[in-house]
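The values are calculated or read from the model by the stated rules, or taken from the named source; none is laboratory data. Keep in mind it's a predicted model, so treat the numbers as computed, not measured. Every residue, glycine as well, gets a Cβ built from its backbone with ideal geometry; the counts of neighbours run over all protein chains shown.
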Amino acid sequence: MTVSSSTTTPERGAATDGLSAADPAAGAPAAVDPHASHYAKSAGAGRRIADDEQLHEGRHAAPTTDRLSLPALTLGPITVDVPVVLAPMAGITNTAFRRLCREYGGGLYVNEMVTARALVERKPESMRIIKHDPDEVPRSVQLYSVDPVTTGAAVRMLVEEDRADHIDLNFGCPVPKVTRRGGGSALPWKSELFASIVKAAVTEAGRKDIPVTVKMRRGIDEDHLTFLDAGRTARDLGVAAVALHGRTTRQFYSGTAVWEDIARLREALPDIPVLGNGDIWSAEDAIAMVEQTGVDGVVIGRGCQGRPWLFGDLQAAFEGRHDRFRPTLGMVADTLYRHAELLVDTFEGDELKALRDIRKHVAWYFKGYPVGSEIRTALSTVPDLATMAEILSRVDRDQPYPGLDAEGPRGRSGAPKRPHLPDGWLDSRELNAEQKAMIAAAELDVSGG
Ligand SMILES: Cc1cc2nc3c(=O)[nH]c(=O)nc-3n(C[C@H](O)[C@H](O)[C@H](O)COP(=O)(O)O)c2cc1C
């Protein structure tokens, strides 16, 4: 299976051709529409972005040193032409957002994490999370689990029911309610448990040649780093790639990711792809990460919040081009509106749910643009698409890309946090009886991070 770049894949062309301008009959003003047709061109087969005058209005040229040709990423039978991965983000990387990102560039787009146990129990929300658009290839699912038996059952279900082409395992979540129960980024410390979960997933997925990857942090804190031995264990058990977020649980989202450790992992695992994650806010950052760490691909989380076009920039950069999206405020407003429309589909027509969800994205989209508090406030309570279209028609569409003000960090940040761990967790790398009993209940009620 080959996942091609957006400029060459027929599916992507078809997908983007399917972009509908907001339906005037539904009350959306024409001013909010043109984005769709504007970007629809971006998927045309063989198009040279930099040569296209009309598209060029939203971009500017980067220095020639800011580009680098990186080979395709191979994950078992899957070839990802553009070695870029959308990081799984709970509450963000749903079908709607993945579609929006896919329309800009090639890559692997991972869904929000789903809890193995809830999946096996077929909870409606879990079944929604693992849904993919018919044209989404490969279908990538991230599982969170603390128990090998449940992991195996969830992977078996995904594989037997043909619901995924790639499975990622979440060992990176630093959220206290997860780590307190020994899950997420706390788990690789318990080396046998970690190995048994990975083994269960690889064994079940292997029945249909579905690649399994693991995503992890550096460790729990500087005195309890696990990434090297967890990476080697996962490699030995047959994972297709390892992704490392260069922070510990304690670092949470603070400071900067330690790219040096990503380089160390790359060096320690010469035989499988290693993916680097943490603090990539632009295509130039992605190139810097590749240059400084030697990784085979990059994983982008917060950097694309409110900037799905970053995937277009990344594709350009890794294809050795220097054109970049530099959207006017009008184009940003259109993308925000389209995101809301797609969320309505994702939430099966529940417009209020979709519009509640889009509210958290508003500040990210408008970062750096001169949008007054009246419009921002109105969007924070927007109840339906028609109202959203009316509010967005009031922005000054001709405002140009604001440059640095629109770039850089966004989303979660803050100070380091003392890791919340089960009692005695750090005393040994093996589970004691009490911990074994405790983690059995740990899969319930978690969401990603
Ligand atoms: C809102 C949010 C939700 C997240 N949810 C998940 C998740 O479900 N699974 C996961 O492995 N990581 C999750 N993460 C972590 C990201 O995948 C990524 O590792 C992290 O944000 C660092 O990358 P970045 O610097 O590019 O943002 C989440 C991060 C954020 C900000």
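Taking the criterion of being touching a Gly at 6+ places or on another chain (Cβ under 8 Å) and in a helix (DSSP H, G or I), the only residue of the range 317-331 that qualifies is Met331.
For Leu314, indicate whether it is assigned to a helix (DSSP H, G or I) and either among the β-branched types (Val, Ile, Thr) or under 15 Å from Val82 (Cβ atoms) (or both). Explain how you work it out, then say what you get.
Details: assigned to a helix (DSSP H, G or I): yes; either among the β-branched types (Val, Ile, Thr) or under 15 Å from Val82 (Cβ atoms) (or both): yes.
Against the criterion (assigned to a helix (DSSP H, G or I) and either among the β-branched types (Val, Ile, Thr) or under 15 Å from Val82 (Cβ atoms) (or both)), Leu314 qualifies.
Taking (1) assigned to a helix (DSSP H, G or I); (2) closer than 29 Å to Arg418 by Cβ; (3) modelled with pLDDT of 95 or more; (4) within 20 Å of the chain's Cα centre (by Cα) in turn, Val178 satisfies each apart from (3).
Exactly one residue out of Lys360, Lys353 is part of a helix (DSSP H, G or I) and away from the ligand (no atom under 16 Å from the Cβ), and it is Lys353.
Residue selection: Glu434 fails the criterion of being among the acidic types (Asp, Glu), at pLDDT 95 or above and away from the ligand (no atom under 16 Å from the Cβ).
Here Gly297, Gly278 are screened, and the one residue that is surrounded by 21 or more Cβ atoms within 10 Å (Cβ to Cβ), away from the ligand (no atom under 12 Å from the Cβ) and of a type in the set (Gly, Ala, Ser) is Gly297. The test for being more than 20 Å from the chain's Cα centre (by Cα), surrounded by fewer than 20 Cβ atoms within 10 Å (Cβ to Cβ) and aliphatic (A, V, I, L, M) holds for Ala153.
Glu390 - would you say it is at pLDDT below 95, over 21 Å from Tyr144 (Cα atoms) and not in a loop (DSSP other than H, G, I, E, B)?
On the way: at pLDDT below 95: no; over 21 Å from Tyr144 (Cα atoms): yes; not in a loop (DSSP other than H, G, I, E, B): yes.
Taking the combined requirement at face value, the residue does not satisfy it.
Taking the numbered list (1) touching a residue at least 40 places away in the same chain (Cβ under 8 Å); (2) closer than 28 Å to Arg102 by Cβ in turn, Glu125 passes all entries but (1). From Arg397, Arg338, Arg376, which residue is surrounded by fewer than 20 Cβ atoms within 10 Å (Cβ to Cβ) and assigned to a helix (DSSP H, G or I)? Just a single option satisfies the conditions, and that option is Arg376.
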